[in-house]
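First the structure, in the form of structure tokens, and then the observations on it.
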Amino acid sequence: MAAHLSAGRVNLMALREAGRKELREFLDKCAGSKAIVWDEYLTGPFGLIAQYSLLKEHEVEKMFTLKAGRLPAADVKNIIFFVRPRLELMDIIAENVLSEDRIRCPQRDFHILFVPRRSLLCEQRLKDQGVLGSFIHREEYSLDLIPFDSDLLSMESESAFKECYLENDQTSLYHAAKGLMTLQALYGTIPQIFGKGECARHVANMMIRMKREFSGSQNPIFPVFDTLLLLDRNVDLISPLATQLTYEGLIDEIYGIQNRNRLRERHHAKTVGEIKQFVSQLPHMQAARSSLANHTSIAELIKDITTSEDFFDNLTVEQEFMSGIDTDKVNNYIEDCIAQKHPLIKILRLVCLQSVCNSGLKPKVLDYYKREILQTYGYEHILTLNNLEKAGLLKAQLGSRNNYPTIRKTLRLWMDDVNEQNPNDISYVYSGYAPLSVRLAQLLARPGWRSIEEVLKMLPGPHFEERQQLPTGLQKKRQHGENRVTLVFFLGGVTYAEIAALRFLSQMEDGGTEYVIATTKLINGTSWIKSLMEKLEPPPF
């Protein structure tokens, strides 16, 4: 089922197996027949670690979704709640447990498994509701990094960006550091750590502290990874705002990919042009017809959207902003879209993109956009605009100069002549724009960050390098022609287009580096902006 996890340079099956072992051990503590009550958000991530067959082997007979009221009838000895540590979920669990007691079921045992961490606040809430004593086992299951593919790991923490950049809450950074410690326990100490951004600095500090605390218990394993690159999402705010133009990226933009059904191996169309070509070739692919049926209809549906006038107009404006054209004045297309009341998220993505590509908007331009948005979509969105400002996506340019043109030229972020059919540069993933995050990874590998010291200073947060001592005898001697392996960890989310760009670099003949990607969450512009949206609720009277 998960054979694809061992197909890459780093065998991620070992990580999945460690997760399965921990799960089996917990299930076996709850002797007898079991029903699992799932926090709905966890079913997708858990499905990537353990199939139903594994649960059945350990006497799981029923599975229910956590919802208010009474639990469905189930003739089982144990009820296990798998939940995130959220207070509102504790209230539902308390209601479930109390209604269960009232109808005098045969003696049942309740257990709770917090994912990824136990929470004192949540246990206090259960105590306040009078049900804490009902739970025999209260444990945590640290599902920190979930293997999605042979080169892709995600924490699937949907609120990580908001927590880090708006709420100054470092919980997800702690989980990232713990996840990296688990990786090092399985795959050896990573000798070099590079980072850019405040969150990256925090994670590196936590890792170094954790390593000191566990210094006696290190496994003598040859390091699989040569380098870890920690990148803050806010170092590159452009990539998630722009429309992704790879096959997987477009599917995510248009439909949203939940926990990633494996699309990539079906075919390798990279761009809109190649999707059209792919669709036209289908009649010749008789043998693979059935497995391609879904992709045919998906590709056809995407083609309808990508050939529409509105898609083209939207893309044109994005590309003008990214190449530095007319970023300092009110944009006619955005004005028209607001007047026609296009979806608010579309407007916010464009306005934020313009702001980021201009190192902030002139105060009167920003005020104009805010006024138009609030008058058209409602004043309850004032909190959303405030969040976008706090996160640095939308800001006034106060006296400071626009650094983006310098960054764009030095890092070659805009390429005019993109060959989409046979790409020779990562800029194909956005049809001209090379994702800044991936360009940083590329330049770190060759010629090194010293060559771009000045530009790094213009980007938010510190940049740094740490070295971790390897025990004697574990220093890696690279064979001639053997590629280095770099783990790139995106703190705050990564897009499928950035993943495609890193995969492109891994496959380059003379690249010399293979990349494994880790992230707090797989995101696209819509899901990302949505995570920052907040509505002022009308007063309840």
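The values are calculated or read from the model by the stated rules, or taken from the named source; none is laboratory data. Computed from a predicted structure; not experimentally measured. Every residue, glycine as well, gets a Cβ built from its backbone with ideal geometry; the counts of neighbours run over all protein chains shown. In case anyone asks, the SASA skips ligands and DNA or RNA and just uses the protein heavy atoms, side chains included. Shrake-Rupley method; radii C 1.70, N 1.55, O 1.52, S 1.80 Å.
Candidates in segment 120-158 are the residues that are among the small types (Gly, Ala, Ser) and at pLDDT below 90; of these, the one that is most open to solvent (accessible area, probe 1.4 Å) is Ser142. Whether a residue is surrounded by 17 or more Cβ atoms within 10 Å (Cβ to Cβ) and farther than 17 Å from Leu388 by Cβ was assessed, and Leu361 does not pass this test. For segment 452-481, the tally of residues that are closer than 22 Å to Pro191 by Cβ, open to solvent by less than 70 Å² (accessible area, probe 1.4 Å) and either at pLDDT 75 or above or of a type in the set (Ser, Thr, Tyr) (or both) stands at 9. Within segment 186-205, take every residue that is within 23 Å of the chain's Cα centre (by Cα) and open to solvent by 20 Å² or more (accessible area, probe 1.4 Å) and give me the one that is farthest from Ala441 (Cα to Cα). Among those residues, the one meeting the criterion is Leu186. Among the residues of segment 493-504, those that are under 21 Å from Phe225 (Cβ atoms), open to solvent by less than 10 Å² (accessible area, probe 1.4 Å) and touching a strand residue (DSSP E or B) at 6+ places or on another chain (Cβ under 9 Å) comprise Val494, Glu498, Ile499, Leu502. Taking the criterion of being open to solvent by 20 Å² or more (accessible area, probe 1.4 Å), without any contact (Cβ under 8 Å) to a residue 60 or more places away in the chain and not charged (D, E, K, R), the residues of segment 312-328 that qualify are Phe312, Thr316, Ile325.
Open to solvent by less than 50 Å² (accessible area, probe 1.4 Å), assigned to a helix (DSSP H, G or I) and among the hydrophobic types (A, V, I, L, M, F, W, C), is that true of Leu348? Here the answer is yes, as Leu348 does meet what is asked.
If the condition is being within 25 Å of Phe312 (Cβ to Cβ) and of a type in the set (Ser, Thr, Tyr), then segment 391-448 contributes Tyr404, Ser427, Tyr428, Tyr430, Ser431, Tyr433. If I filter segment 356-368 for residues that are touching a residue at least 60 places away in the same chain (Cβ under 8 Å) and part of a loop (DSSP other than H, G, I, E, B), do I get at least one hit? Within segment 356-368, one or more residues are touching a residue at least 60 places away in the same chain (Cβ under 8 Å) and part of a loop (DSSP other than H, G, I, E, B). The helices (runs of 4 or more DSSP H) found entirely in segment 428-515 that carry 1 or more residues being without any contact (Cβ under 8 Å) to a residue 24 or more places away in the chain and farther than 25 Å from Asn358 by Cβ are 496-507.
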